[in-house]
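The values are calculated or read from the model by the stated rules, or taken from the named source; none is laboratory data. Just so it is clear, the model here is predicted, and its values are computed rather than measured. Here Cβ is always computed from backbone atoms with ideal geometry, including for glycine, and neighbour counts include all displayed protein chains. Just so you know, the surface numbers come from the protein's heavy atoms only, side chains and all, with ligands and any DNA or RNA stripped out. Shrake-Rupley method; radii C 1.70, N 1.55, O 1.52, S 1.80 Å.
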Amino acid sequence: MTEVLNQPSSPPDPTGRGLPQVVGADSRVTLADGRDVRVVQLNNAATTPPFEQTLAEVREFLGCYGALHRGAGPRARATVEAVERAVGRICAFLGQPADNGLLFTANTSAAINVLARLLPLTAQDVVLTSEIEHTSNNLPWRYNTPARVLDVRANDAGALDLTHLEQLFAEHSGRVKLLAVTGASNLTGYCPDLSALAQRCHAAGALLFVDAAQLAPHRRIDMAAAGVDALAFSAHKLYAPFGLGVLSVPRAILDRQPADPGGGSIDMISDDGPVLWAPPAERHQTGTWNATGIVALGASCATILDTGWDLLEAYERSLVGRAAETLSEIPGVRLTVPAASYRAEDRIGTFPFVVDGLHHALVAAALEHEHGIEVRAGTICNHRLVRRWAGVDDREQARVEAAIAGGDRLASYGIVRASLACHSTADDIERLAGALRSLAAHGPAQRYRPAPEHETYAPA
């Protein structure tokens, strides 16, 4: 069994250039062979550790918070002021248009589902998504709207086929109401040109929605300048704790009955008369808000803005180039997105790969238990693109689905994903590369047993 220890102090800034520090950057783990090593955190596309500054502001807030919108008194007033300050920070971080409002949900997935239920779409309307979308930017449009949902094709490297996008706009002229697209792919790192997409959408009378869950931690966002109409992201991928999603949406869309009415949705209600709804930007915030989560996210947004996007982006881009080159040169390891794509296109540090002859979940288990490296393995919420990489035909797909339905989640095809963040270092990349060289050449050093119910392998 491994034991993770968090040291109370942080290591020096790995770049010496003033990057923000994260909680647990010097966490250590005792491996199965008894070695004590620093944990290498390369699953940042799933969850990032919080900034130390964020934790400090949350601790201060927890010492004085009271009822938010539910009472009078100094603690209640302090809570309202802290939340309003945080909301302002989040709006500034997004470059939110003046006519947009913010809604808070549990996460990005919940935010997209709320937007899907708020839009007045009909069966005659068309919503465009793409083959590179996270499942959370696909299923809500299929199951929570009556609209016809069509996918923009992508190439094998996970970049949008813009020619196909034009074809879909032309074929469904006047009917396309929304393009729902990722700002940065959680699987391939690809970042589309949002300004260009916004111009094309608006020329067709459509709105542009951006799933910014992966974009927000890595690239400057200016919704107003880019022409992005609506956007969603999560706190737990932006160096803040779990439990908060953000949806920025035009107030015109909010000026309707809420999708989830309840306490806080109304200003007055009677037995016989109509409901007097609260103002549009408030009526959709049912119940007591996650004040702590909002304060935490506001602190993380402010930390990034105070650090400066030029510094953050330059540092991460240098890491991306180094990782692409290093990983592409390891015998027996195949990047499913060519290294050249990271050099030629705008991509964040998300690297999908396979190790010849080894199940993706076994690779992830060996990286954890033998090397202290955190990654993710599976289809990474984009089954279609991973299926294409695996070359799975319809017959094999049917076999895989039957096996999974029978309880064997390890029957699925998949890849391993390593993902960088602003606290990642060149040493992290070298640790991963060294571990992969060993695995590709010799296989796992320990024995493992399959745990199909959890889609993983555990030490035997």
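Here are the numbers for the structure shown:
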item	result
Selection from segment 198-210 of residues that are more than 16 Å from residue 252 (Cβ to Cβ) and either out of contact with any strand residue (DSSP E or B) (no Cβ under 8 Å at 6 or more places or on another chain) or open to solvent by 10 Å² or more (accessible area, probe 1.4 Å) (or both)	199, 200, 203, 204
Which numbered condition residue 219 fails, given (1) surrounded by 20 or more Cβ atoms within 10 Å (Cβ to Cβ); (2) assigned to a loop (DSSP other than H, G, I, E, B)	(1)
Answer from 210, 176 - the residue that is among the β-branched types (Val, Ile, Thr) and under 26 Å from residue 420 (Cβ atoms)	210
Selection from segment 264-305 of residues that are assigned to a helix (DSSP H, G or I) and more than 22 Å from the chain's Cα centre (by Cα)	280, 281, 282, 283
Residues of segment 14-35 classified as over 23 Å from residue 417 (Cβ atoms) and either in contact with a Lys or Arg (Cβ under 8 Å, 6 or more places away or on another chain) or outside any loop (DSSP other than H, G, I, E, B) (or both), total	3
Matching residues, segment 243-260, being at pLDDT 90 or above, in a loop (DSSP other than H, G, I, E, B) and either open to solvent by 80 Å² or more (accessible area, probe 1.4 Å) or closer than 22 Å to residue 107 by Cα (or both)	243, 244, 255, 257, 258
Check on residue 331, modelled with pLDDT under 95 and of a type outside the set (Lys, Arg)	no
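Yes/no matrix, rows are residues, columns are (1) under 21 Å from residue 229 (Cβ atoms); (2) touching a Pro at 6+ places or on another chain (Cβ under 8 Å):
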residue: 247; (1), (2): yes, no
residue: 256; (1), (2): yes, yes
residue: 264; (1), (2): no, no
residue: 269; (1), (2): no, no
residue: 294; (1), (2): no, no
residue: 299; (1), (2): no, no
